[in-house]
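Read through the structure below, which is laid out as structure tokens, and then see the notes.
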Amino acid sequence: MSIYFGQKQTCCISTINGVDLYLKIPILKEESISHYQEERGKVYSKQNFHLLETDTQKLIGASTQPINYPLERTIFDIYVNLLKLTEGWNLCRIWNYVPYINDKSRGLENYQSFCKGRSLAFEHFYGADFEVKLPAGTGVGIADDTYAIYFIAVKENITNVENPEQVSAYKYPDRYGPRSPSFARGTVVTLNSEHIGYLSGTASIKGHESIGQGDIGRQFEVTLSNMNLVLERMGFNKALKDSTLYYHTFTIYLRNPSDLPVIQQMVENNFPNSAKVIYLNCDICRSELDIEIEATITTKTTITTKKK
């Protein structure tokens with residue numbers, strides 16, 4: 001599956017080799033043209049999703065859909081379809097690109113309307129205790145009237161983790177909207193002898209309060225602290241700097257392109273030189289914040305089990 005940023009329009013197509021998702025999200029570094037999940041398998045469509053069921057027992061899918069505002073109804077329907085087609089699988093990662101995320105429709109911010117529809121869909125499908133099913137997630141803006149989503153699901157058991165210094169997103173107080181965001185701070189899975197950690201989109205938040213408004217350096221520092229805390233809960237101790245044991249992929253979403261030089265220097269000081277880093281120009285779910293970072297961390301060494 002290939003995800004192409006910097007496109008003129010947002011759309012998704014199936015090919016003989018896989019699924020291609022094109023996103024109208026500006027790239028801030030030319031070498032970060034696409035994000036690629038190198039998997040092969042069966043390609044088909046179901047529930048308005050383009051799907052790739054891989055030879056390594058993953059289900060990867062994507063969908064794009066024009067939006068009617070407010071977003072709640074459309075998002076509810078898309079997520080119910082997603083949960084139906086992944087029944088029998090374990091969702092471990094979801095990416096959401098929300099149209100004009102900080103704008104308002106009928107008095108409700110688009111992100112809040114998105115969160116309401118997503119939360120109601122999870123509750124409709126899983127019941128009142130749906131929080132235990134929530135995987136890692138990202139929700140950032142796209143300057144387009146088309147919503148895009150892609151996901152990874154597996155047959156193996158997964159473990160969802162939280163940040164001890166943050167209120168779980170699904171427990172946010174009512175001031176953040178009628179329904180809380182529905183995602184875990186991170187998800188970890190052992191797949192084909194690889195230990196994989198999916199770190200959700202992470203921002204400068206402690207407790208549930210935004211930190212460092214107007215100070216991009218401070219926001220990076222708090223975001224970095226949160227990333228380390230979640231990765232430690234996953235079992236990836238000091239993973240952000242260790243290139244001997246881990247492969248790293250980071251996607252960095254910046255509201256203001258002018259912040260790129262500062263963030264590039266901080267990334268160089270804090271992330272391995274071998275890491276793949278994609279820089280994108282996106283609005284962030286909280287209008288007062290300017291940066292969000294997500295990561296996928298994979299062990300280089302295989303995990304062995306003792307013989308009985």
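The values are calculated or read from the model by the stated rules, or taken from the named source; none is laboratory data. None of these values were measured; they are calculated from a predicted model. In this analysis, Cβ positions are derived from the backbone assuming ideal geometry, glycine residues included, and neighbour counts consider all displayed protein chains.
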(message) Go through (1) surrounded by 23 or more Cβ atoms within 10 Å (Cβ to Cβ); (2) outside any strand (DSSP E or B) for Tyr253 and report which single condition fails.
(response) (2)
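Pick from Ser287, Ser200: which is among the small types (Gly, Ala, Ser), in contact with a strand residue (DSSP E or B) (Cβ under 9 Å, 6 or more places away or on another chain) and part of a strand (DSSP E or B)? Even if it seems obvious, please write down each step before you answer.
Values: Ser287 fails: part of a strand (DSSP E or B).
So the residue among Ser287, Ser200 that is among the small types (Gly, Ala, Ser), in contact with a strand residue (DSSP E or B) (Cβ under 9 Å, 6 or more places away or on another chain) and part of a strand (DSSP E or B) is Ser200.
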(request) With the checklist (1) within 24 Å of Glu194 (Cα to Cα); (2) surrounded by fewer than 17 Cβ atoms within 10 Å (Cβ to Cβ) in hand, flag the one item Gln47 doesn't pass. (result) (1)
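Table: residues versus (1) surrounded by fewer than 18 Cβ atoms within 10 Å (Cβ to Cβ); (2) in contact with a helix residue (DSSP H, G or I) (Cβ under 9 Å, 6 or more places away or on another chain); (3) among the hydroxyl-bearing types (Ser, Thr, Tyr).
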{"residue": "Ser204", "(1), (2), (3)": "no, yes, yes"}
{"residue": "Pro257", "(1), (2), (3)": "yes, no, no"}
{"residue": "Lys276", "(1), (2), (3)": "yes, no, no"}
{"residue": "Ile291", "(1), (2), (3)": "no, yes, no"}
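Which is modelled with pLDDT of 90 or more, within 17 Å of the chain's Cα centre (by Cα) and assigned to a strand (DSSP E or B), of Ile25, Ile3, Ile13?
Details: Ile25 fails: assigned to a strand (DSSP E or B); Ile13 fails: within 17 Å of the chain's Cα centre (by Cα).
On inspection, the qualifying residue turns out to be Ile3.
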(request) Only residues that are small (Gly, Ala, Ser) and in a strand (DSSP E or B): list them for the range 140-175, please. (result) Gly141, Ala148, Ala153
(message) Just to verify a result, which residue in the range 126-139, among those that are touching a residue at least 24 places away in the same chain (Cβ under 8 Å) and in a loop (DSSP other than H, G, I, E, B), is farthest from the chain's Cα centre (by Cα)?
(response) Leu134
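Yes/no per residue for (1) under 30 Å from Gly6 (Cα atoms); (2) hydroxyl-bearing (Ser, Thr, Tyr); (3) surrounded by 23 or more Cβ atoms within 10 Å (Cβ to Cβ):
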{"site": "Ser113", "(1), (2), (3)": "yes, yes, yes"}
{"site": "Ala121", "(1), (2), (3)": "no, no, no"}
{"site": "Ala128", "(1), (2), (3)": "no, no, no"}
{"site": "Ala136", "(1), (2), (3)": "yes, no, yes"}
(request) Say whether the condition of being touching a Phe, Trp or Tyr at 6+ places or on another chain (Cβ under 6 Å) and either in a strand (DSSP E or B) or at pLDDT 95 or above (or both) is met by at least one residue in the range 35-48. (result) no
(request) Give me the pairs, please: first residue somewhere in the range 167-189 and free of Cβ contacts under 8 Å to residues at least 60 places away in the same chain and under 16 Å from Lys206 (Cα atoms), second residue anywhere and crowded, with 22+ Cβ neighbours inside 10 Å and basic (Lys, Arg), beta-carbon distance under 8 Å, and either six or more positions apart or on two chains. (result) Ser168/Arg185; Ala169/Arg185
(request) Scan the range 214-240 residue by residue and report those that are in contact with a helix residue (DSSP H, G or I) (Cβ under 8 Å, 6 or more places away or on another chain), touching a residue at least 24 places away in the same chain (Cβ under 8 Å) and not in a helix (DSSP H, G or I). (result) Ala239, Leu240
